[in-house]
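*Asks:* I'd like to ask some things about the structure below.
Just so it is clear, none of the values below were taken in a lab; they were calculated from the coordinates. This structure is a prediction, so every number in the text was calculated from the model and none was measured. Cβ sites come from the backbone with ideal geometry, for glycine too, and all protein chains shown count toward neighbours.
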């Protein structure tokens with residue numbers, strides 16, 4: 001009898017050990033995307049503030065840096081995002097609060113916007129760099145030229161980038177909150193504040209690059 005219990009205990013311990021040791025790819029994709037987005041927006045805001053008349057190449061424009069970010073952040077996140085968009089969502093319960101119902105509707109829309117922008121942004125800037133058509137010094141001037149362009153007086157690229165910054169900051173904040181479901185109210189507020197800060201930094205970077213000396 002004792003022997004039988006020992007075997008069951010060993011089996012249960014083995015299952016628990018395997019579950020603990022299993023890598024959580026979803027949580028990795030959530031946190032790597034959120035962390036990268038905040039750092040990227042902060043870096044771009046700093047570059048926008050310190051750039052002179054001739055923008056200088058930064059480490060974020062080096063082909064090796066772009067390739068690393070592509071493999072450790074964007075490929076896992078795109079796989080995670082594709083799974084999230086293809087998953088059938090359960091109906092929202094009638095008792096769910098209005099803000100939660102709205103978030104469940106807005107979140108997949110924001111994710112679709114982030115994925116679309118990432119593909120366009122990558123094709124516009126990352127691909128020419130990785131393919132050898134551009135040098136690292138070409139990336140930022142090309143980005144600024146794109147943001148500064150208008151069509152019939154409308155800064156279409158700037159509006160698209162500002163929208164993408166908002167969608168990205170919102171979705172990154174949501175994913176960070178999901179990655180820490182046991183966070184205290186103070187911790188959750190800190191995550192939200194980081195998301196808002198990321199949005200403000202990203203918006204400043206877009207406006208500064210598109211308008212020159214505005215907000216300098």
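*Asks:* Quote to one decimal, in nm, the extra length available between residue 200 and residue 138 on full extension: 0.36 nm per residue of separation minus the C-alpha distance between them.
*Replies:* 19.7 nm
*Asks:* Separate question: Rounded, prolate or oblate: which one fits the range 23-73, using the alpha carbon gyration tensor with axes a ≥ b ≥ c (rounded when a/c is under 1.5, else prolate when a/b beats b/c, else oblate)?
*Replies:* oblate
*Asks:* How do 72-82, 201-211 rank on mean C-beta neighbours within 10 Å, highest first?
*Replies:* 201-211, 72-82
*Asks:* What whole-number value in cubic angstrom gives the convex hull volume per residue for the C-alpha atoms of the range 25-211?
*Replies:* 138
*Asks:* In nm, what is the difference between 0.36 nm times the number of residues separating residue 103 and residue 67 and their Cα-Cα distance?
*Replies:* 9.7 nm
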